[in-house]
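Asker: Let me give you the structure first, and then I'll get to my questions.
What follows draws every value from the coordinates through simple rules; no lab data is involved. These figures come from a predicted structure and were not determined experimentally. Positions of Cβ are generated from backbone atoms using ideal geometry, with glycine treated the same way; all protein chains shown enter the neighbour counts.
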Amino acid sequence: MKVLFLELEQHLKSSSGASVVAIDNKIEQAMDLVKSHLMYAVREEVEVLKEQIKELIEKNSQLEQENTLLKTLASPEQLAQFQAQLQTGSPPSSQTQGTTQQPAQPASQGSGPSA
């Protein structure tokens, strides 16, 4: 893009001096306008990303607290079974999900009033 402007500028310099200065000024104004629009768009995107980061940090904190609570409520057998599944990479079976969800239900109800 800059090369195009430079070629145009060189071509116009062969014309009269006053018109070249006027065109140079218009080109500079146009480039400044493009720059200001880009800066505005970048600032706007940065604000959106900052808000998303804030939300993700809050969600992560909430999930860490929930994870800690679930670990304290899980039986040693459930924790051992979960660790074994993590090591093998197999998804939890429906029977395992049913047993791990039972302690989670009182935990959610118990954490509701304290929040």
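Asker: Subtracting the Cα-Cα distance from 0.36 nm times the residue separation, let me have the gained length for residue 51 to residue 37 in nm, one decimal.
Answerer: 2.9 nm
Asker: Once R0 is set to 41 Å, what does the formula 1/(1 + (r/R0)^6) return for the Cβ-Cβ distance between residue 28 and residue 65, expressed as a FRET efficiency to the nearest 0.05?
Answerer: Efficiency at R0 = 41 Å is approximately 0.15.
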